[in-house]
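Rule-based calculations on the coordinates, nothing more; no lab input. Note that the structure is predicted; figures quoted are calculated from it, not measured. Cβ placement follows ideal geometry from the backbone for every residue including glycine, while neighbour counts extend to all protein chains displayed.
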Amino acid sequence: MRSISIRYNLPLYGIMTWKDKIQSNMLMIAMLAGILGFPVFRHLMPLLPPLIFFMLFFSFCRVRPRDLRFHTWHWGVLAVQIPLAIGVYYAFMALPSGWFHSTQDQAILAQGTMMCFIMPTATAAPIIAAKLGGDLESLTGFTLMTNFMTAIVVPAFFPLINPLGDLSFFPAMWMILKRIAPLLMGPFLLSWLVQSLLTEPQRTRYNSATREAPFYLWSCTIMILMGDLTHTLIYDDYNRWLVLIMAMLALITCLMQFVLGWFIGVHLGHHRHDMRVSAGQAFGQKNTSLAIWMANAYLLPLSAFAPAAYIIWQNIVNSSQLRHAGKK
């Protein structure tokens, strides 16, 4: 039992330390801090890109390129995720306009729901999957794949659904690509360079010293995002029912993606438990920080409420899975 709790960093019930208790509730603490301190945190939105960059960098440093494992379920998840994201957007836009208060509300719901699907896998997903008995290397490989896919799909798709001022399609695509690609591809290339320069003992010490860095960087992004969204909720003029509907759509998309991921993992992972867990986390656990930043930057800003609500729902799913794993 001792070796299992050390490997997965899953504290046994009844003997949780104060650090374990803080870490297990860090997301809620970060969200509460962001809400209460929104007059300060809302001004820190320009810090999101570098925070996301280093969050990815420290995560990729933990896995060597030669250790990455690619499986059939990787392609299965991508084959469902991207068409589903694009299809959901056009399905919403095809609904009768009379169902909505305005055409802008219809576009906001379509964009927000689409963002819940198109978001890349969170950097914390491999960590959670390892605690649940998943495969760390295969999920890290998929995290890398989804980041590259997002860097390609988003610049090509966003100008079609939300034209950027007077820019035509290709200039708008290039403008988004210049900002998105370095943010998503740069951390992997830099981590590869750092690993090639370090000896094995140095690499081990470095990864040990930065083991918790992605977790705390992720918490910082949550505080900033909640601060900005709280300011919007308090001071901006918007349809309250629209936000509530987006929260419910985020719940539906969250549960749908976890279930689809488990299904794909079972059938394309040779019925192995670790592949089921990994595919579920790959499809369901999203990089919401990146999604909210992209929605604010390139789409109708209110659409960011959907991935913001997704933060809450995926944390509830992850917490319930960890409690179940702890009992087992």
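Sorting check: for 133-144, 253-264, which peptide has the highest mean count of neighbouring beta carbons within 10 Å, and how do the rest follow?
Details: 133-144: 23.1, 253-264: 20.3.
Ranked by mean Cβ neighbours within 10 Å, highest first: 133-144, 253-264.
Placing +1 at every Lys and Arg Cβ and -1 at every Asp and Glu Cβ, with all other atoms neutral, what dipole size does the range 64-163 have around its Cα centre, in debye to the nearest 20?
Values: 4 positive and 4 negative charges, 46 e Å.
Result for the range 64-163 is approximately 220 debye, rounded to the nearest 20.
Which shape class, rounded, prolate or oblate, goes with the range 33-131 when its Cα gyration tensor gives a ≥ b ≥ c as root eigenvalues, a/c under 1.5 marks rounded, and past that a/b bigger than b/c marks prolate? Don't skip to the end; give the middle numbers.
Details: a/c = 3.17, a/b = 1.27, b/c = 2.49.
Oblate.
Could you tell me what a quarter of the Cα convex hull surface of the range 257-328 works out to, in nm² with one decimal place?
Taking a quarter of the hull surface, the average projection is 5.3 nm².
Explain nothing, just the number: dipole magnitude of the range 155-232 about its Cα centre with +1 on each Lys and Arg Cβ and -1 on each Asp and Glu Cβ, in debye rounded to the nearest 20. Intermediate results must be reported in sequence, preceding the final value.
Numbers: 5 positive and 4 negative charges, 47 e Å.
Dipole magnitude for the range 155-232 comes out near 220 debye.
Under a plain spin-label model, where a point goes 7 Å from the Cα along Cα-to-Cβ, how far apart in nm are Phe170 and Leu198?
Taking the two extended label points, one gets 4.3 nm.
Treat the count of other C-beta atoms within 10 Å as a stand-in for reagent exposure and order Tyr235, Tyr206, Tyr298 from fewest to most. Walk me through the numbers before you get to the answer.
On the way: Tyr235 9, Tyr206 16, Tyr298 22.
Neighbour counts put them in this order, fewest first: Tyr235, Tyr206, Tyr298.
Return the single residue from Arg66, Arg276, Arg179 with maximal mean-square fluctuation; model: Gaussian network over the chain, springs between Cα atoms under 10 Å.
Checking each option, the largest mean-square fluctuation is seen for Arg66.
For semi-axes √(5λ) of the Cα gyration tensor in Å, one of (i) 38, 25, 17; (ii) 25, 24, 21; (iii) 31, 22, 21 was computed from the structure I shared and the rest are decoys. Which label?
Structure-derived value, by its label: (iii).
Could you please report the charge total around Arg42, scoring K, R as +1 and D, E as -1 over all other residues with beta-carbon less than 15 angstrom from its beta-carbon? Write down the numbers at each step before the final one.
Working: positive: none; negative: Asp228, Asp236.
Local charge sum for Arg42: -2.
With +1 on each Lys and Arg Cβ and -1 on each Asp and Glu Cβ, how big is the dipole of the chain about its Cα centre, in debye rounded to the nearest 20? All intermediate terms of the calculation are to be shown ahead of the outcome.
Details: 22 positive and 12 negative charges, 243 e Å.
Around 1160 debye, computed over the chain.
Which of the listed residues, Phe148, Tyr235, Ala129, is farthest toward the dipole's positive end in the chain, when Lys, Arg count +1 and Asp, Glu count -1 at the beta-carbon?
Positive-end residue among those listed: Ala129.
May I ask for the Kirkwood hydrodynamic radius of the range 86-172, worked out over all distinct Cα pairs and given in angstroms to one decimal? Please report the intermediate quantities before stating the final value.
On the way: mean 1/r = 0.0658 Å⁻¹.
Across the range 86-172, the inverse of the average 1/r is 15.2 Å.
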